[in-house]
Amino acid sequence: MGPQLADPGGCLQRLYSRFPGGWPGAVLLLLRVTVGVTLITQGAAYLPELSKISDWTVCLLALGGGLGLLLGILTRVFGAIAVAGYIGLTFQWLPAPSYNFFHENPLSYDVILMAVVCMLLGPGAFSLDGHFFGRRKIVIPQSSAQASEHISHPGLPPERPRKQ
């Protein structure tokens, strides 16, 4: 019988990407930073006008989602929050501050699309997700009993496996 898989359904593989490094990882970092900074700036626009609970909620979601994308932690979750927030602000379903980037601005559709791409592609290697959940090299040391059986002595021919 073969080895048992820890995640036979592949749920973790779908939640965390393969964490690409190099140029693809740098592009994902740039994309996350762009969307995160835009969301943090929009959330900061709410700060002077916090009077209702809905303003507090939108402000905290915007600041938290932007910070999560900026750092690259739980990128798919915060990407989904960013997509919902951007759509709500663009179509005025959420209460907007007096200075709203997304009201009647055609570029808001680009930001929504970038947030969707962040959500679907995942964080990349240059993120906290990549640091905590990224690729690992696992080295399994040999036990001392196994190691002594496979050590060949200088000047002697290597041992052949014994038949039992």
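Within region 97-122, residues that are assigned to a helix (DSSP H, G or I) reach partners that are among the basic types (K, R) and at pLDDT 85 or above with beta carbons closer than 9 Å, at six or more positions or on different chains, in the pairs C118/R32; C118/R76; M119/R76; L120/R76.
Within region 23-74, being among the basic types (K, R) and more than 22 Å from the chain's Cα centre (by Cα) holds for one residue alone: K52.
Table: residues versus (1) at pLDDT below 85; (2) loosely packed, with under 14 Cβ neighbours inside 10 Å; (3) assigned to a helix (DSSP H, G or I).
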| site | (1), (2), (3) |
| --- | --- |
| P8 | yes, yes, no |
| Q13 | yes, yes, yes |
| W23 | yes, yes, yes |
| T34 | no, no, yes |
| L47 | yes, yes, yes |
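Going by what's in this entry, would L70 be described as under 11 Å from V35 (Cα atoms) and either polar (S, T, N, Q) or modelled with pLDDT of 85 or more (or both)? Judged against the criteria, L70 is a match.
The set of residues in region 129-143 being in a loop (DSSP other than H, G, I, E, B) and either within 15 Å of G25 (Cβ to Cβ) or among the charged types (D, E, K, R) (or both) consists of G134, R135, R136, K137. With respect to the conditions (1) in contact with a Pro (Cβ under 9 Å, 6 or more places away or on another chain); (2) crowded, with 18+ Cβ neighbours inside 10 Å; (3) in contact (Cβ under 8 Å) with a residue 40 or more places away in the chain, V58 falls short on a single one, namely (3). Just to be sure, is A125 buried (at least 18 other Cβ atoms within 10 Å of the Cβ) and touching a residue at least 60 places away in the same chain (Cβ under 8 Å)? So A125 fits the description; yes. Just one of the listed residues (L107, L113) is at pLDDT 85 or above, surrounded by fewer than 16 Cβ atoms within 10 Å (Cβ to Cβ) and either at negative phi or in contact with a His (Cβ under 7 Å, 6 or more places away or on another chain) (or both), namely L113.
The values are calculated or read from the model by the stated rules, or taken from the named source; none is laboratory data. Here the structure is a predicted model, which means the values were calculated and not measured. Positions of Cβ are generated from backbone atoms using ideal geometry, with glycine treated the same way; all protein chains shown enter the neighbour counts.
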